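The values are calculated or read from the model by the stated rules, or taken from the named source; none is laboratory data. Just so it is clear, the structure is predicted and the values come from calculations on it, not from any experiment. Cβ placement follows ideal geometry from the backbone for every residue including glycine, while neighbour counts extend to all protein chains displayed.
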Amino acid sequence: MSLFHVLGFGVKIGHLFWMLCCWFVSWFVDNGIEDNNNNKSGLLVGSVGDLEKTNKMTTLKKKNFFNRISTCGLKIPSFSYQFLGSVKFNKTWWRKLVVAWVVFWLLVSIWTFWYFSSQAMEKRKETLTSMCDERARMLQDQFNVSMNHVQAMSILISTFHHGKIPSAIDQRTFSEYTDRTSFERPLTSGVAYAMRVLHSEREEFERQQGWTIRRMDSLEQNPVHKDEYDPEALEPSPVQEEYAPVIFAQDTVSHVVSLDMLSGKEDRENVLRARRSGKGVLTAPFPLIKTNRLGVILTFAVYKRDLPSNATPKERIEATNGYLGGVFDIESLVENLLQQLASKQTILVNVYDTTNHSQPISMYGSNVFVDELERVSLLNFGDPFRKHEMRCRFKQKPPWPVLSMVTSFGILVIALLVAHIIHATVSRITKVEEDCHKMEQLKQKAEAADVAKSQFLATVSHEIRTPMNGVLGMLHMLMDTELDVTQQDYVRTAQASGKALVSLINEVLDQAKIESGNLELEDVRFDLRGILDDVLSLFSGKSQQKGVELAVYISDRVPEMLIGDPGRFRQILTNLMGNSIKFTEKGHIFVTVQLVEELFESIDGETALTPEGTLSGLPVADGQRSWENFKAFSSNGHRSFEPSPPDINLIVSVEDTGIGIPLEAQSRIFTPFMQVGPSISRTHGGTGIGLSISKCLVGLMKGEIGFSSTPKVGSTFTFTAVFSNGMQQTERKNDPQNNNNQLMCSEFRGMKAVVVDHRPARAKVSWYHFQRLGIRVEVVARVEQALHYMKIGTTTVNMILIEQEIWNREADVFIKKLQKEPLVLSPKLFLLANSVESSMPDAFCNGTDPPIVIVKPLRASMLAATLQRGLGIGNREPPQHKGPPALVLRNLLLGRKILIVDDNNVNLRVAAGALKKYGADVVCAESGIKAISLLKPPHEFDACFMDIQMPEMDGFEATKRIRDMEEEMNKRIQNGEALIVENGNKTSWHLPVLAMTADVIQATHEECLKCGMDGYVSKPFEAEQLYREVSRFFNSPSDTES
Amino acid sequence: MNTIVVGQLQRQFQDYIVSLYQQGYLDNQFTELRKLQDEGSPDFVAEVVSLFFDDCAKVINDMSTSLERPDHVDFKQVDSGVHQLKGSSSSVGARRVKNVCIAFKECCDVQNREGCLRCLQQVDYEYKMLKTKLQDLFNLEQQILQAGGTIPQVSMN
């Protein structure tokens, strides 16, 4: 029960406490907010009228706050951090608050302690009171009962002793009667009757009774022991006016017979008082005769006749016949009484006669007090003259007030804990704030350092690049001079190293740019297949040298033209393929470009990758592992990947059969300057920055890059990139590259070829390349099948393409069969070989034309050229791109009409002279304004070289004006307002404008591009740079002529 | 006889032009400029160089009037003149002139009038110096041509 109470109380306290906490915190925050608000309103509005508004706001916030508290009690820490952390509190203020909190709760706990202990005290007191009162009442009741009976007995005596003559009562009758009725008087130990005897009657009385009246005061003075009591030894009473000798006595007090009651001091007073009042009268407690125990004697007067209640004392004295006394042995009697009550052990009872207030006479009980607490109950024994009281005390001291102590202590502990929490939180917050501040500073420092690093890199790279250009230019010039073979070799080596250095610096610049976030991708249309052809041709030399098969396959579903940054795409591919070719000694490198959707469809079909299924028949790393972690795919299985229609999601994989990446190095493969190991860079060179740049670039293209690699088997790098479809524009006919392709296509359109290849992957690549030229391809696995096909085929087969592998194996069979049964229209025979040296068929017999060798990697232009040669069609010389730049430049610039704009006469002349040397038709303009007037479309210029820094109108401004004019013109052309003038093929105007500038700072370059320029050349002209820039706009003259 | 004279002249020409390079009067660009001269434009170099010197005279004159104005110097105008000179000189390959121009431009940027005046004098001196040197060179060329020889290609190192 009490435990339950304690628990309940605890819960209540806890609740109260929580509420207090909430209130406390909220008050706190509100104060903070209020302060802020007030400040704000003061600052912003500065009027008193707005204070009300602010208060409203505050109350609103308060409500919000309470809602929050009630809903998210658990979020308190983070929340308090948010709120308290945001408001800057004074630390000392916090400390004061904590102290106030502790003091407050200390007071509360003291109060609680006091309250509880007083409560317990009260309860104890009540218990004592009730117990004491109960005892007093009982004692009183019993006493009254006894008294009533004694009174009744007095009437009995008056009736039967004095009323009857002779008396009906003698000593024996009396004692017997009283003995038998003693249960009626539970508190009396005995009763006795004393008769009133006047002195005149003494002699007769003594004679009648046979004894003398004896005095008892001597007995009172020398109390004797019980056993030594001898009534005969007592002295006879001296002569008095009247006597009250005891004539009848109960057996228990039979020793008082013949004693004169008037001789005893107490008894005399008692007797006199009793006959005066006619009521029961009590003596003060005194030691009883013989027993010596404390006793009280109750005395009733026995009258001769029934007196009226208003009889005067004198009448009463007159009528007095005798006195009946009852002896109350208080000690034993009270003892007996208390024995009957429960819980007698718990309290001590004392009974006092307090008639004399200053000297209360103890009637019962010991004076040993343990407890302070005392209860006094008044006892009324029917005698108004005598006053008695009962004093009760607990036997034991009050128990320790454990409950109140525990409670208050608990409260204190909780309060201290909360204070501690608050304190800890505050110090934590300040600490976190400090840390945060520190970290911010560190972050700023780090960022500054990073920026400084990037700037340093950029600057240094730039500074290196500029003189490097000088070095390279000089080397180039040196090569033009007459040198012997050794010297030329040295120069070539020096130039190659210089170029490598420049490319490295470019890479570092790229990295710095990516890190500083300055790299932006272009959005131009480009031909993906063309780019792959380019990259392939870049590596073809090396692959042929190594005997590694290089192949590209681009899915049909990839649009021909895409919009994106071709340069960066190319950079990624070059990086990956460069790595592949560096680490691959045998086997193949296979680049696949697909749409992501296509890839998913294909995995649903077949997933098994057997070694036989790969390009070169060597096992490869599992490509699927390289992209299965891509975020775009892995979110909810493959199917969740839904490409948005205008975007083209390409997935490009570069698969090689190289040495693979060691497992321990795979984790840091994309970290800048991290290579597999130091030995790698020693054997293979490179800086290890390429992959990191590639990753960044892929990221910029909204794609992801991944790889899977098995050491000694090979690696597969896969990346995705998002481009826009470039096919939506209708003006594709004018695209020169496309033109080129179509030209090639037209020659082979409608032809049919049979490819003999037993490897499906390789056959697919061949198929793809022939398909691009418009040739229909049939793939068969064996030579016999090819021959069979040609025999039964309804259409003529123009060419047979045989894989070198098969040729080496089955050449004899083939030739024999061909000789045995020659076909009507003999198709041309081509051999697909990896390298020129190994491809010369030695087992070839005379009689048939030797097959023409197509050296892989297959590329559209190369393939077309070889086929043309083989089939003897389109005798057009393939455009020679390889040759000294000067020559090519001449090719490019011959007959071009070029405008040069420069305010500096000398520069103008020099530039004009340089371009004229390459055969260009040069027109000069001295100012931007003149240039604009010359370039107002329609005009016949093919390009414009423009100085940037010119008075009146600088190059940027002029270019902007020119672009504006062109745009206007284009609009008019589209609307059909303007006729398409003599340059018939021009449906849109965009004149290539190149900036001429002496400072080749990157910023200037970017500025150039921003203003609509197409590029820049440094002044004075350098042949190679000029070529690089010019070749972007002009195709070889043969193209434009045709 | 003639061939000996021609050879002598050619050697003289070669030595002279090399000394010009070595003394820093000319740089690579001058070589480039000479490369541009062919049958189509036989006097290309002389033409360009004389154009350059005319420009120099004019610009220097302009700048000196600007700089000698006592009250307010129009540094902007001076700057554009220096820029033009710098561009021209680098196009022609007049190295010393170009270097002075670079210093000149720095003075101009900080609006140091004294420095500008000093640079102006230097530029004036340098271009006149170059003018006489090139005049000598062209004379030598003419002599070679008159003697029936060809102008030798000069390899620069």
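A quick yes/no check of all residues on (1) within 19 Å of residue A:127 (Cα to Cα); (2) hydrophobic (A, V, I, L, M, F, W, C); (3) in a helix (DSSP H, G or I):
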{"site": "A:372", "(1), (2), (3)": "yes, no, no"}
{"site": "A:377", "(1), (2), (3)": "yes, no, no"}
{"site": "A:381", "(1), (2), (3)": "no, yes, no"}
{"site": "A:386", "(1), (2), (3)": "no, no, no"}
{"site": "A:400", "(1), (2), (3)": "yes, yes, no"}
{"site": "A:407", "(1), (2), (3)": "no, no, yes"}
{"site": "A:415", "(1), (2), (3)": "no, yes, yes"}
{"site": "A:420", "(1), (2), (3)": "no, no, yes"}
Query raised in the report: Looking at the range B:27-78, which of its residues are part of a helix (DSSP H, G or I), of a type in the set (S, T, N, Q) and at the interface with chain A (Cβ under 9 Å from one of its Cβ atoms)?
Result: B:28, B:29, B:31
**Report entry** Any hit, the range B:126-133, residues being more than 30 Å from residue B:3 (Cα to Cα), part of a helix (DSSP H, G or I) and in contact with a helix residue (DSSP H, G or I) (Cβ under 7 Å, 6 or more places away or on another chain)
**Finding:** yes
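When you scan the range B:79-97, how many residues do you find that are of a type in the set (Lys, Arg) and either away from chain A (no Cβ under 14 Å) or out of contact with any Gly (no Cβ under 9 Å at 6 or more places or on another chain) (or both)?
From the range B:79-97, those of a type in the set (Lys, Arg) are B:86, B:95-96; that's our starting set.
This time we only want the ones that are either away from chain A (no Cβ under 14 Å) or out of contact with any Gly (no Cβ under 9 Å at 6 or more places or on another chain) (or both), so: B:86, B:96.
Total meeting the criteria: 2.
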Query raised in the report: In this structure, is residue B:126 of a type in the set (D, E, K, R) and crowded, with 20+ Cβ neighbours inside 10 Å?
Result: yes
Report summary line: Expected output for the range B:3-17 (first residue at negative phi, partner surrounded by 14 or more Cβ atoms within 10 Å (Cβ to Cβ) and of a type in the set (Asp, Glu), Cβ below 8 Å, 6+ apart or cross-chain) is B:13/B:141
Report task. Name every residue in the range A:204-237 that is surrounded by fewer than 11 Cβ atoms within 10 Å (Cβ to Cβ) and either modelled with pLDDT under 80 or more than 24 Å from residue A:301 (Cβ to Cβ) (or both), in order of residue number. Result -> A:207, A:210, A:221, A:222, A:225, A:227, A:228, A:230, A:232
Report summary line: Exception for residue A:352 within (1) assigned to a helix (DSSP H, G or I); (2) surrounded by 15 or more Cβ atoms within 10 Å (Cβ to Cβ) falls at (1)
Requested in this report: Just one of (1) away from every other protein chain (no Cβ under 14 Å); (2) surrounded by fewer than 21 Cβ atoms within 10 Å (Cβ to Cβ); (3) free of Cβ contacts under 8 Å to residues at least 40 places away in the same chain trips up residue B:105, so point out which.
Outcome: (1)
**Report entry** Count of the range A:897-913 residues which are β-branched (Val, Ile, Thr), more than 12 Å from residue A:996 (Cα to Cα) and touching a residue at least 40 places away in the same chain (Cβ under 8 Å)
**Finding:** 2
Query raised in the report: Among the residues of the range A:554-580, which ones are in a strand (DSSP E or B) and farther than 28 Å from residue A:507 by Cβ?
Result: A:561
Report summary line: The correct count of residues that are under 17 Å from residue A:1008 (Cβ atoms) and in contact with a strand residue (DSSP E or B) (Cβ under 7 Å, 6 or more places away or on another chain) in the range A:936-963 is 10
Report task. Collect the residues in the range A:516-542 that are touching a Lys or Arg at 6+ places or on another chain (Cβ under 8 Å) and touching a residue at least 60 places away in the same chain (Cβ under 8 Å), keeping them in residue-number order. Result -> A:519, A:521, A:529, A:533, A:536, A:537, A:540
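Test of understanding: among B:139, B:99, which residue is farther than 22 Å from residue A:947 by Cα and either surrounded by 22 or more Cβ atoms within 10 Å (Cβ to Cβ) or modelled with pLDDT of 85 or more (or both)? Before you say what the answer is, go through the steps one by one.
Details: B:99 fails: farther than 22 Å from residue A:947 by Cα.
None of the other options fit; the residue is B:139.
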Query - Verdict on residue A:406 being modelled with pLDDT of 85 or more, touching a helix residue (DSSP H, G or I) at 6+ places or on another chain (Cβ under 9 Å), away from chain B (no Cβ under 14 Å) and surrounded by 12 or more Cβ atoms within 10 Å (Cβ to Cβ) - result: yes
Report summary line: Among helices (runs of 4 or more DSSP H) entirely inside the range A:899-980, those with 1 or more residues being away from every other protein chain (no Cβ under 14 Å), buried (at least 19 other Cβ atoms within 10 Å of the Cβ) and on the phi < 0 side of the Ramachandran plot are A:928-934, A:955-974
Report summary line: Reported set for the range B:24-75 where residues are without any contact (Cβ under 8 Å) to a residue 12 or more places away in the chain and of a type in the set (S, T, N, Q) is B:37, B:41, B:50, B:61, B:65
Query raised in the report: Out of the residues in the range A:772-798 that are part of a helix (DSSP H, G or I) and under 13 Å from residue A:756 (Cα atoms), which is modelled with the lowest pLDDT?
Result: A:790
Report summary line: Of (1) in contact (Cβ under 8 Å) with a residue 12 or more places away in the chain; (2) within 14 Å of chain B (Cβ to nearest Cβ); (3) surrounded by fewer than 16 Cβ atoms within 10 Å (Cβ to Cβ), residue A:483 satisfies every one except (1)
